[in-house]
Amino acid sequence: MANTRKKVSILDLRKMKERGEKITWLTAYDYPTAQFAEEAGLEMLLVGDSLGMCVYGYEGTIPVTMDQCIVHSEAVRRAAPTAFVLGDMPFMSYQTSNEDAVANAGRFLKEAGVDAVKLEGGLRIIPRIRAILDAGIVVCGHIGLTPQSSGQLGGHKAQGRTVESARLLIEDALAIEEAGAQLLLLEAVPPEVAGFIAKKLTIPVLSIGAGPYCDGQLLIVSDLIGQFQAFTPKFVKKYANVAQVVTDAMRAYVKDVKDEAFPTDEYCYHMLKGESEKFKDMIKDYE
Ligand code: KIV
């Protein structure tokens, strides 16, 4: 079915917040999945560094490289021409210096054609956010549970669950908006804290595991479709069981081949009219 939607811009997302329409966001890592997402009407797609776990089978996001992110972002962009696509800056692509941050954010735009980049961290990465913005690139902040620094957080733990921790999140959020970022993602934060931040900020504030009061929701597509098996965070709602469907299909194929039930005649190419008889004669030469 042809998609007649106009390209989603950062201004469209801002207007959605203003009129109270929830923004829908999913990760995507490959061409077919991004096509489904475009068809399903998702406004935003994130080529997350979660591809480390969801695509490459790493234990976490730390080993993910810029080159991997670019390859996947490029495929997603091609499949989803109207969605607002964000590239996720992997570990050590922006932490090292403003120059590295700008050069790597620029690669996402030049080589993959994304609309924006996302980077993890609050007050301590404000100089990086400003530097990328100064290069004319749309930035999405990401605070709360920030997987790239989960070692410092003591694991993949929800944030903002005490008043002091909530205050730090609010300070981070205010600083990110003040620096000029046009989007903010809150991960694994209590709903009342996330809701307060979403109300306080004028930029769209999106939630992954941050409850219903934000301006939109993000989920990891491999969780949503029931493809990722290693673990399931509390905030994930599974809408399908693709792992089961695919494994069942593969088992049925294995059985059919072993039983010689596949391929039947309908799956075979036939010789052109009159060629079969000639073929039988011809192979006599080899008998
Ligand atoms: O990489 C990713 O998919 C993310 C989400 C966990 C927010 O950053």
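Things worth noting here:
- With respect to the stated conditions, S93 is modelled with pLDDT of 95 or more and more than 15 Å from the chain's Cα centre (by Cα).
- The set of residues in region 69-96 that are within 12 Å of the ligand (Cβ to nearest atom), open to solvent by 30 Å² or more (accessible area, probe 1.4 Å) and not aromatic (F, W, Y) is empty.
- For L51, the stated conditions do not hold, so it cannot be described as open to solvent by less than 40 Å² (accessible area, probe 1.4 Å), at pLDDT 95 or above and farther than 22 Å from A101 by Cβ.
- Scanning region 97-117 for residues that are open to solvent by 30 Å² or more (accessible area, probe 1.4 Å), assigned to a helix (DSSP H, G or I) and under 15 Å from Q182 (Cβ atoms) turns up just one, L109.
- Of the helices (runs of 4 or more DSSP H) lying entirely inside region 118-226, those containing at least 1 residues that are touching a strand residue (DSSP E or B) at 6+ places or on another chain (Cβ under 9 Å) and open to solvent by 20 Å² or more (accessible area, probe 1.4 Å) span 126-134, 163-179, 191-200, 221-224.
- Neighbours by Cβ (under 7 Å, 6+ apart or cross-chain): first from region 72-95, farther than 12 Å from Q35 by Cβ and part of a helix (DSSP H, G or I); second away from the ligand (no atom under 15 Å from the Cβ) and among the acidic types (D, E): E74/E111
- Taken over region 30-48, the criterion of being among the β-branched types (V, I, T) and either open to solvent by 30 Å² or more (accessible area, probe 1.4 Å) or more than 23 Å from G141 (Cα to Cα) (or both) is satisfied by T33 alone.
- Filtering region 277-287 for residues that are more than 21 Å from L51 (Cα to Cα), modelled with pLDDT under 95 and in a loop (DSSP other than H, G, I, E, B) leaves a non-empty set.
- Counting only residues that are away from the ligand (no atom under 16 Å from the Cβ) and at pLDDT 95 or above, region 3-39 holds 23 of them.
- One residue stands out among those in region 40-52 that are more than 10 Å from the ligand (Cβ to nearest atom) and hydrophobic (A, V, I, L, M, F, W, C): the one that is farthest from L201 (Cα to Cα), which is A40.
The values are calculated or read from the model by the stated rules, or taken from the named source; none is laboratory data. Values in this document were obtained by computation on a predicted structure and should not be read as measured data. With ideal geometry, Cβ positions are generated from the backbone for all residues, glycine too; neighbour counts draw on all protein chains shown. Just the protein is used for accessible areas: all its heavy atoms, side chains included, with ligands, DNA and RNA removed. Shrake-Rupley method; radii C 1.70, N 1.55, O 1.52, S 1.80 Å.
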